[in-house]
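Each remark here refers to the structure printed beneath this line.
The values are calculated or read from the model by the stated rules, or taken from the named source; none is laboratory data. Treat the numbers as computed from the prediction; the structure is a model and nothing was measured. Heads up, the Cβs are rebuilt from the backbone with ideal geometry, glycines too, and the neighbour counts pull from every protein chain shown.
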Amino acid sequence: MRTTWQRYYDLTESERAIVFKLDSHALEHPGACHLKASTIATSLEISTKTFNRAISKLESPKKKRL
């Protein structure tokens, strides 16, 4: 079984930045994070397409690796 840290290191720099951005915003407003994709992408200086690609990867379940 993979640990949280192993999954953390499987992320790209942009994916990690997105996770931290969402996390920090969720801390400001407990239980909610209402940011637009373009707002997050602009603040992280990445494209909206990169943001959407990263979110799709983060939402998809990982396949077991042998």
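Among the numbered conditions (1) modelled with pLDDT of 75 or more; (2) in a helix (DSSP H, G or I), tell me where Ile46 comes up short.
In the conditions (1) modelled with pLDDT of 75 or more; (2) in a helix (DSSP H, G or I), Ile46 misses (2) alone.
Of Ala26, Ala17, Ala41, Ala54, which residue is free of Cβ contacts under 8 Å to residues at least 24 places away in the same chain, outside any loop (DSSP other than H, G, I, E, B) and surrounded by 15 or more Cβ atoms within 10 Å (Cβ to Cβ)?
Answer to the selection: Ala41.
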